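Enquirer: Have a look at the structure that comes next, please.
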Ligand SMILES: [Zn+2]
């Protein structure tokens, strides 16, 4: 009677499965990081508008153009935010104002330069290139 599978056949199948799992998990991690960055950029955009609204209202305290930790002004800014909720960076970065721009300690400042910057790993797949075109 012949054995169902040889050791070599089973090994080859396991190696193939390992390769597929490795490749797909790298894509997942990359996609997750890109979406976290996108959310963070939206948070910074929202914060920027809320800060501008606070400044236009003339209320105190005045939020300066350089703030190391924006959370200090959480109470003043939150009333201009949806549901009075101060946004949080999903990767644990904190928000500051540098040169007048809302900036995340992990994702940098929010503006179009950031969105098109080279620190986003776009990969080479057509599927990913299609995703990128959403940003442009
Ligand atoms: Zn961030």
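No value in this document is a laboratory result; all are computed from the given coordinates. Keep in mind it's a predicted model, so treat the numbers as computed, not measured. All Cβ positions, glycine included, derive from the backbone under ideal geometry; neighbour counts span all protein chains shown.
Enquirer: Looking at the square roots a ≥ b ≥ c of the eigenvalues of the Cα gyration tensor of the stretch 2-56, which shape do they give, rounded for a/c under 1.5, prolate if a/b is larger than b/c, or oblate?
Expert: Values: a/c = 13.18, a/b = 9.05, b/c = 1.46.
Cα axes put the stretch 2-56 in the prolate bin.
Enquirer: Okay, which of the stretch 75-105 sit inside 14 Å, backbone N to the point 7 Å along the Cα-Cβ direction of residue 56?
Expert: Answer for this model: 80-81.
Enquirer: Next up: Would you mind classifying the stretch 24-116 by shape? Square roots of the alpha carbon gyration tensor eigenvalues, ordered a ≥ b ≥ c; an a/c under 1.5 is rounded, otherwise it is prolate if a/b is larger than b/c and oblate if not.
Expert: Details: a/c = 2.49, a/b = 2.04, b/c = 1.22.
Prolate, since a/c reaches 1.5 and a/b exceeds b/c.
Enquirer: Another question, then. Over the alpha-carbon set of the stretch 53-105, work out the extent along each principal axis and list the three values in angstrom, largest first.
Expert: 32, 27, 14
Enquirer: Measure out, as a whole number of angstrom, how far apart the alpha-carbon centroids of the stretch 45-113 and the stretch 1-27 sit.
Expert: Their Cα centres are 50 Å away from one another.
Enquirer: Pulled fully out, how much extra length does the chain show between residue 12 and residue 35, if you take 0.36 nm times their separation in residues and subtract their Cα-Cα distance? List each step's numbers first, then the result.
Expert: Working: separation 23, 0.36 × 23 = 8.28 nm, distance 3.49 nm.
Result: 4.8 nm gained on full extension.
Enquirer: How much length is gained if the chain between residue 111 and residue 20 is pulled fully straight, taking 0.36 nm per residue apart and subtracting their Cα-Cα distance, in nm to one decimal?
Expert: Details: separation 91, 0.36 × 91 = 32.76 nm, distance 3.64 nm.
Using 0.36 nm per residue and subtracting the Cα-Cα distance, I get 29.1 nm.
Enquirer: What does the highest-first list of 16-28, 85-97 look like by mean Cβ count within 10 Å?
Expert: On the way: 16-28: 10.4, 85-97: 16.4.
Sorting 16-28, 85-97 by mean packing, highest first, produces 85-97, 16-28.
Enquirer: Taking neighbour Cβ counts within 10 Å as the exposure measure, how do 44, 56 sort from fewest upward? Could you put the intermediate results ahead of the total?
Expert: Working: 44 25, 56 9.
Lowest count first: 56, 44.
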